[in-house]
1. Can you match Cα extents along the principal axes in Å to one of these, (i) 51, 29, 22; (ii) 109, 40, 21; (iii) 37, 30, 27, based on a calculation from the structure here?
2. Any idea what the relative contact order of the chain is, in percent, if you count C-alpha pairs under 8 Å spaced at least 6 apart?
3. What size of dipole, in debye to the nearest 20, comes out for the chain about its Cα centre when the only charges are +1 on Lys and Arg C-beta atoms and -1 on Asp and Glu C-beta atoms?
4. Please give the FRET efficiency for ALA36 paired with LEU109, using the beta carbon to beta carbon distance and R0 = 25 Å, rounded to the nearest 0.05.
5. Roughly how many Å² of THR59 are accessible to a 1.4 Å probe, to the nearest 10?
6. Accessible area of GLU97, 1.4 Å probe, to the nearest 10 Å²?
7. First compute the accessible area of the chain with a 1.4 Å probe, then give the percent of it belonging to carbon and sulfur atoms.
8. Could you tell me the accessible area of LEU109 in Å² (1.4 Å probe, neighbours in place), rounded to the nearest ten?
Amino acid sequence: MGLAPTAPTTPLKVALVTAAGTDTTAGTEVTGGTYARKNLTVAAATNGATSNSADLVWTGMPAATVVGVEIWDNAGTPVRLWYGPLTASRTVAAGDELRIPAAALTFSLS
């Protein structure tokens, strides 16, 4: 009859991308500096929507223009669960910090 659903392996991770992905292809993830994916914590959902419950902060960024984010699970072979563009791309110089404030990254089901 079909496959049983499998919950994502936590913690979920936020990745920054310099080229947007599509429904079938992941974006181009930032590399260099001290960049690493950040753990995502979310607030309780209200009316099918939620957001990050804590600031996401990347320090020691490489020089890059970040155009979007992707959410990945933490499985041995990670699965991309969600992707989307930033409202406005962010250009950072080597060593800069990039911050997504709490409640600024929103998710909803429709």
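1. (i)
2. That works out to 31 percent.
3. Dipole about the Cα centre, nearest 20: 60 debye.
4. 0.30
5. 80
6. Surface accessible to solvent at GLU97 totals approximately 90 Å².
7. 56
8. Result for LEU109: roughly 150 Å² accessible.
The values are calculated or read from the model by the stated rules, or taken from the named source; none is laboratory data. For clarity, every value in this text was computed on a predicted model and none was experimentally measured. Every residue, glycine as well, gets a Cβ built from its backbone with ideal geometry; the counts of neighbours run over all protein chains shown. The protein model used for the area step is the full one, side chains on, heavy atoms only, and it has no ligands, DNA or RNA in it. Shrake-Rupley method; radii C 1.70, N 1.55, O 1.52, S 1.80 Å.
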